[in-house]
Each structure stands twice: as structure tokens, then as C-alpha cells.
Amino acid sequence: MTQDIALRWGTHELMGERVTDPTTGRVGRLDGVLEHVARATGRVVLAEAHMRPLDGSGRVWTASVTLLTRAAAPSDAS
């Protein structure tokens, strides 16, 4: 049986923060969270984090919201 799914933008405590995606090892800024919601129950069945890179590559990616951790601030090596 398939579920009828709706999409909505969600929030997260790390929104706009520098975070680490442990799956890829990349560090980026959490730009948004897209939630997949079952219409019948209102339950979030999947939440995808949309990440902006901080390495200058321009290669955005998605990650699991539940795995993200706050990244340490870069050291100022001047």
C-alpha cells in the first residue's frame, strides 16, 4: 500500500549553522529541511537536510537530518 505524501519545509535547531554530515564527512551550512509527511496521519516519514558547502566547491547536497552535528568553528591560522 502506498501512502499519499505531502512535502513541506521544516525547521531544525541547527538551521543556518555550520554542521558536519558524518555520512560524507563534508562540512556545510544547514540551509533547509524538506519534510515528507503522510497526509493521513500527519507523521513525518522522511526529513532531508539541504546543505550548502563551505569549501567553495558550490556542490550542494542532501543529508539525513538526524545524523547532523554542529561543526567546530574554523581556526584562524593567520
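The set of residues from segment 2-56 being of a type in the set (A, V, I, L, M) and assigned to a loop (DSSP other than H, G, I, E, B) comprises 14, 15, 40, 54.
Scanning segment 29-57 for residues that are among the small types (Gly, Ala, Ser) and more than 17 Å from residue 18 (Cβ to Cβ) gives 38, 40, 42, 47.
Of the residues making up segment 4-13, those that are closer than 25 Å to residue 72 by Cβ and exposed (fewer than 12 other Cβ atoms within 10 Å of the Cβ) are 11, 13. So for segment 3-16 (the condition being in contact with a helix residue (DSSP H, G or I) (Cβ under 7 Å, 6 or more places away or on another chain) and at pLDDT 95 or above), does at least one residue qualify? Yes, segment 3-16 contains a residue that is in contact with a helix residue (DSSP H, G or I) (Cβ under 7 Å, 6 or more places away or on another chain) and at pLDDT 95 or above. Restricting attention to segment 22-39, the residues that are closer than 16 Å to residue 57 by Cα and surrounded by 15 or more Cβ atoms within 10 Å (Cβ to Cβ) add up to 5. Take the conditions (1) open to solvent by 80 Å² or more (accessible area, probe 1.4 Å); (2) within 20 Å of residue 73 (Cα to Cα); residue 16 misses just one of them, which is (1). Can you tell me which residue within segment 40-78, out of those that are within 26 Å of residue 4 (Cα to Cα) and among the hydroxyl-bearing types (Ser, Thr, Tyr), is surrounded by the fewest Cβ atoms within 10 Å (Cβ to Cβ)? In this case the residue turns out to be 66.
The values are calculated or read from the model by the stated rules, or taken from the named source; none is laboratory data. Given the structure is predicted, the values throughout are model-derived calculations rather than measurements. Cβ: placed from backbone, ideal geometry, glycine included. Neighbour counts: every protein chain shown. Each accessible area value is taken on the protein alone, full model and side chains, heavy atoms only, with ligands, DNA and RNA left out. Shrake-Rupley method; radii C 1.70, N 1.55, O 1.52, S 1.80 Å.
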